1. In segment 160-200, what residues are among the hydroxyl-bearing types (Ser, Thr, Tyr) and either closer than 18 Å to ILE228 by Cβ or assigned to a strand (DSSP E or B) (or both)?
2. Please find, among ASN258, ASN219, ASN244, ASN206, the residue that is closer than 30 Å to PRO315 by Cβ, touching an Asp or Glu at 6+ places or on another chain (Cβ under 9 Å) and touching a residue at least 24 places away in the same chain (Cβ under 8 Å).
3. Working only within segment 413-422, note down all residues that are farther than 21 Å from GLY477 by Cβ, part of a strand (DSSP E or B) and either in contact (Cβ under 8 Å) with a residue 40 or more places away in the chain or within 59 Å of the chain's Cα centre (by Cα) (or both).
4. Test LEU456 against the criterion of being among the hydrophobic types (A, V, I, L, M, F, W, C), touching a Ser or Thr at 6+ places or on another chain (Cβ under 8 Å) and within 25 Å of TYR360 (Cα to Cα), and give yes or no.
5. For segment 37-55, which positions are at pLDDT 90 or above and part of a strand (DSSP E or B)?
6. Can you tell me which residue within segment 230-280, out of those that are within 21 Å of ASN182 (Cβ to Cβ) and not in a strand (DSSP E or B), is nearest to the chain's Cα centre (by Cα)?
7. Quick check on this structure: which one of ILE437, ILE425, ILE430 is out of contact with any Phe, Trp or Tyr (no Cβ under 7 Å at 6 or more places or on another chain) and either outside the structural domain of ALA301 (by TED's automatic domain parsing) or in a loop (DSSP other than H, G, I, E, B) (or both)?
8. Any idea which residue in segment 204-229 is nearest to the chain's Cα centre (by Cα), counting only those that are surrounded by 19 or more Cβ atoms within 10 Å (Cβ to Cβ) and either among the hydroxyl-bearing types (Ser, Thr, Tyr) or not in a strand (DSSP E or B) (or both)?
Amino acid sequence: MKPVYIFLCCFYVLFLPAGQAAARVSPGVSSDSLCPPRFLQSSAPEFMASYLWWSKPMRADSTTPPGLLGYYLHGNGHRLEYIDGPNTLMHYHMWPKLGRWTYAVTAYYDLSYYGQPGQFGESPASNESILDMDVDFMYPLNENFDHGFYGNYNWHFSPDQGNWDADYEHGNPKPCMVFKGNPGETNYHTALISFWNPMNLWVCANVSLSVDLKLENVNPTGKEKLIIEAGSDSVWDVLQTFTNVMDTGWIHYRYDCNKYIGDVIMFRFTAAGVNSTDIAGWYLDNVKLDPVCLPPAGGKAVRQKNNINRISWVPPCAGSSKTLYPGGIIAGYFIYRSDSAGNPPFTVLNYMPFKDTVYYDTLPTGLYSNYFSYYLQTRFNAPGTNYYACESPPGDTLKVTSLSVASLEESEVLVYPNPSSADIIITGSITISGCEIWNTSGQMVELIRSNNTKELKLDVSKLVPGLYFLRIQTEKGVINRKLFRSAR
């Protein structure tokens, strides 16, 4: 009686043809169980492929089980590919999605050797091998095909290259990629596909795909197509479909890709149609995945003291569905101030990223102006590093009114009584054309105009008791005075 290796090889098998549902092998097969492959290992010599290798199944007598036809590669719980031949003991899994992969291999048998002619079975799985597929650099796609070669960003084709090729005679500028009409193909469908782009690195940004496209047409049938898609695994979103209605020059297209933020994504350009000779070519150039990091939000600029402006803001993405990596990737902020007239050019106030969200700008002595303008930018570093990733465009321009814009002799203007709960008098040896009253929050609470007299009377009884600032407009400029509104 033959030994039953019930502890060495599992006696459950899956009936195929390949891809069909699993079923148990009849008990009659258990005397020669279907043994799994052994010693599966994996590595990632390149981030565009996983390399896997294993040993043949082996019975207790150190022989290979009969009927072994090949192997199935499984990854993350899915059957991926069939590897033909019992002696093929390695395989490259091309273009794996970035992230963690748990691989296993099963053996595929002809069950004729086990008393079940015409049927096939799949062994239990080998040991698991875990591999992390990742890139250690920022990887925004920026392909202009300058080298006339589509391999720079690991472009590949499906199901085959077809009429896709590099083109040295066209481009924006030359060279570019093209799907040519010749040689003629009928009922064709072939795609140029990018590698995985890790958009989880751009979690606090607006991301778009931009491409330049041109069609040289032959017969305007409307049946030849170029389809631009974004996708993941077997799920693809159509961004736009073009048909051969008419010739076009180079046209620049841009597509919002924010929905894919936090994931990894591929892009593909599929040429499909009835008769390829109805076009001369679809020309493709300057394919770019363009992340624009977000500036701060909720910016405010207020007058804090006579010569200090308080700038505050909220970090980008705060409180939204866009979350940052643990620990954050915001390196800090840069604050820019306008010239003395409140206009460009703006000057950066800090040369290292400022990490807080409140900045006090002390105005230089002698910088006289009615208004100042500010804007803010966010500086991002790559996650887990101090390496620069991107800097946001300027945020909204913030404006603040200065309370001190001129320096005149104290004796030229007098304010009395001060403190006061009712009226105050502003008088002097120079002509007074008006007065602004500002509170300590940087808000103007009242504006009084005069007929260019040398004395101005103000009623302050309606003001809340406390400290105020007077901006007295005179023929020589603006004079600043403090006013204390007393309780009575």
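1. So the first thing to find is which residues in segment 160-200 are among the hydroxyl-bearing types (Ser, Thr, Tyr), and the list is 168, 186, 188, 190, 194.
Result: THR186, TYR188, THR190, SER194.
2. On the way: ASN258 fails: touching an Asp or Glu at 6+ places or on another chain (Cβ under 9 Å); ASN219 fails: closer than 30 Å to PRO315 by Cβ; ASN244 fails: closer than 30 Å to PRO315 by Cβ.
Answer to the check: ASN206.
3. Residue satisfying the conditions is SER420 alone.
4. Working: among the hydrophobic types (A, V, I, L, M, F, W, C): yes; touching a Ser or Thr at 6+ places or on another chain (Cβ under 8 Å): yes; within 25 Å of TYR360 (Cα to Cα): no.
Spelling it out, it is not the case that LEU456 is among the hydrophobic types (A, V, I, L, M, F, W, C), touching a Ser or Thr at 6+ places or on another chain (Cβ under 8 Å) and within 25 Å of TYR360 (Cα to Cα).
5. Looking only at segment 37-55, we keep the residues that are at pLDDT 90 or above, and these are 37-43, 51-55.
The answer is ARG38, PHE39, LEU40, GLN41, SER42, SER43, TYR51, LEU52, TRP53, TRP54, SER55.
6. Of all residues in segment 230-280, those within 21 Å of ASN182 (Cβ to Cβ) come to 242-248, 269-280.
Next, from what is left, pick out any that are not in a strand (DSSP E or B): 244-248, 276-278.
Working: ASN244: 33, VAL245: 34, MET246: 35, ASP247: 34, THR248: 31, SER276: 36, THR277: 39, ASP278: 38 Å.
Within segment 230-280, the match that is nearest to the chain's Cα centre (by Cα) is THR248.
7. Values: ILE437 fails: out of contact with any Phe, Trp or Tyr (no Cβ under 7 Å at 6 or more places or on another chain); ILE425 fails: out of contact with any Phe, Trp or Tyr (no Cβ under 7 Å at 6 or more places or on another chain).
So the residue among ILE437, ILE425, ILE430 that is out of contact with any Phe, Trp or Tyr (no Cβ under 7 Å at 6 or more places or on another chain) and either outside the structural domain of ALA301 (by TED's automatic domain parsing) or in a loop (DSSP other than H, G, I, E, B) (or both) is ILE430.
8. Here the residue is CYS204.
The values are calculated or read from the model by the stated rules, or taken from the named source; none is laboratory data. Because the structure is a prediction, the values reported are computed rather than measured. All Cβ positions, glycine included, derive from the backbone under ideal geometry; neighbour counts span all protein chains shown.
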